[in-house]
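The values are calculated or read from the model by the stated rules, or taken from the named source; none is laboratory data. Computed from a predicted structure; not experimentally measured. All Cβ positions, even for glycine, are placed from backbone atoms using ideal geometry, and neighbour counts span all protein chains on display.
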Amino acid sequence: MNKTPDKQLLHMVIGGELSDLENVEFANLDEVEVVGLYPNYAGAYDVWKTKAQMSVDNAHMRYFIVHLHRLMDPEHDEK
């Protein structure tokens, strides 16, 4: 069987301390961590979950998955 590779849907995981819990605004942009880039959501999710669990004691620390493929090609967004 010839399996077609999955389409690359680039995702980025970032995190940092928020200035308050009501908004998504980082307290210090210089300290925002770019964790990495991943070719699909599943890979990004695994890393996001690990990083979020590592920071569970800090209520202001948040990690996010950014769907870069949606920003790069918004007309062909796959839901």
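Filtered by the rule that a residue be modelled with pLDDT of 95 or more and among the hydrophobic types (A, V, I, L, M, F, W, C), the stretch 55-70 gives Met61, Phe64, Ile65, Val66. Taken over the stretch 6-34, the criterion of being surrounded by 11 or more Cβ atoms within 10 Å (Cβ to Cβ) and under 19 Å from Asp57 (Cα atoms) is satisfied by Ile14, Gly15, Gly16, Glu17, Leu18, Ser19, Phe26, Ala27, Val32, Glu33.
Picking from residues in the stretch 35-59 that are loosely packed, with under 14 Cβ neighbours inside 10 Å and among the charged types (D, E, K, R), the one that is farthest from Asp73 (Cα to Cα) is Asp57.
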